[in-house]
Amino acid sequence: ATLPGRTRNLTEQLIKTRQATRAGRLSEASARSLGVQGESVGDVIEGLITKKSVDSAPFYGQIDRMSVTVDDDLANMLDAAKKLGAFGLANRIAVAETRPFSLAKVEPGTQISMTDLNYVKQGLDQLLTTKQAVKDTGESTPFGRSLTGLKQRFVSKLDEATIDPDTGKSIYAQARSAFAGPMQMIRAAEFGRTVLNKTPDAIRRELRDMGDSELEAFRIGAQENLRMIAVS
């Protein structure tokens with residue numbers, strides 16, 4: 001290829017062809033690697049939310065019939081969530097879904113429905129998307145790290161309280177894995193779309209806490225990001 005003649009000309013043509021088709025090859029490779037087929041976030045996210053909602057319905061149906069006895073630890077976490085504004089957000093989410101949210105004063109020994117507790121968890125999710133909790137780079141602020149710790153302890157408590165004695169598995173954990181909620185899936189897809197601007201620590205932290213439905217949305221967002229870079 002370094003000598004004059006036909007071989008050198010063919011090599012130059014091959015290089016030009018490879019350069020011209022690089023964008024398509026990058027996009028196809030990323031789609032295979034991430035397990036998606038180049039879907040656009042806007043085209044598929046609504047359908048994905050609908051599908052996951054249907055798939056997770058049996059789990060959430062069980063959750064709706066369960067309640068948890070509040071101990072001192074859970075009471076303290078709920079008190080913190082209320083002071084941070086998660087109760088107000090939980091109530092707004094419930095109103096938007098035309099469902100009741102009756103959680104107000106919390107004391108050890110009281111019984112609280114898992115439905116209300118799940119709304120509080122969604123309220124904490126909403127707080128974690130604010131600028132007070134996360135920087136533009138995707139890194140958590142000190143407040144965000146503290147809030148993430150509170151949410152993780154809260155969710156772990158609910159997982160333990162909803163273990164099915166027949167299977168030994170948490171019903172709430174299975175429900176979240178199947179469908180974390182529209183907001184969480186949209187957030188995961190948006191994180192995928194901007195993943196190349198995030199730090200490695202921020203990426204590891206986000207992926208660690210994602211369930212199956214969120215990971216699927218993340219892959220679609222990441223593929224969209226790579227596709228846009230490849231064609232630019």
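Any read-out appearing in this document is the output of simple, stated calculations on the displayed coordinates, not a laboratory observation. Predicted model only: the values in this text are computed from it and were never measured. All Cβ positions, even for glycine, are placed from backbone atoms using ideal geometry, and neighbour counts span all protein chains on display.
Taking the average, over residues, of other Cβ atoms within 10 Å as the packing measure, peptides 58-70, 188-200, 112-124 rank 112-124, 188-200, 58-70 from highest down.
Working from label points 7 Å from Cα in the Cα-to-Cβ sense, the Ala96 to Asp73 distance is 3.1 nm. Using the Cβ of Arg187 as centre and a radius below 12 Å, the other residues enclosed give a net charge of -4, where K and R count +1 and D and E count -1.
From the Cα gyration tensor of the stretch 120-181, with a ≥ b ≥ c the square roots of its eigenvalues, which class applies: rounded if a/c is under 1.5, or else prolate if a/b is larger than b/c, or else oblate? Because a/c hits 1.5 or more and a/b exceeds b/c, the stretch 120-181 counts as prolate. Using the average count of surrounding beta-carbon atoms within 10 Å as a protection proxy, the listed peptides 161-168, 127-134 rank, highest first, as 127-134, 161-168. Look at the Cα gyration tensor of the stretch 44-93: its axes a ≥ b ≥ c give a/c of at least 1.5 with a/b at or below b/c, and that counts as oblate.
If R0 is 41 Å, the Cβ-Cβ spacing of Gln62 and Gln132 corresponds to a FRET efficiency of close to 0.75. For the residue pairs Lys51/Lys198; Lys83/Lys131; Lys131/Lys157; Lys51/Lys169; Lys131/Lys169; Lys51/Lys157, the alpha carbons lie more than 25 Å apart in Lys51/Lys198; Lys131/Lys157; Lys131/Lys169; Lys51/Lys157.
With K and R counted +1 and D and E -1, the other residues having a Cβ less than 13 Å from that of Tyr119 yield a net charge of 0. The slack in the chain from Glu190 to Asp164, taken as 0.36 nm per residue of separation less the alpha-carbon distance, amounts to 6.0 nm. For the stretch 61-133, what does the alpha-carbon gyration tensor say about shape, rounded, prolate or oblate, given a ≥ b ≥ c as the root eigenvalues, a/c under 1.5 as rounded, and a/b over b/c as prolate? In terms of gyration-tensor shape, oblate.
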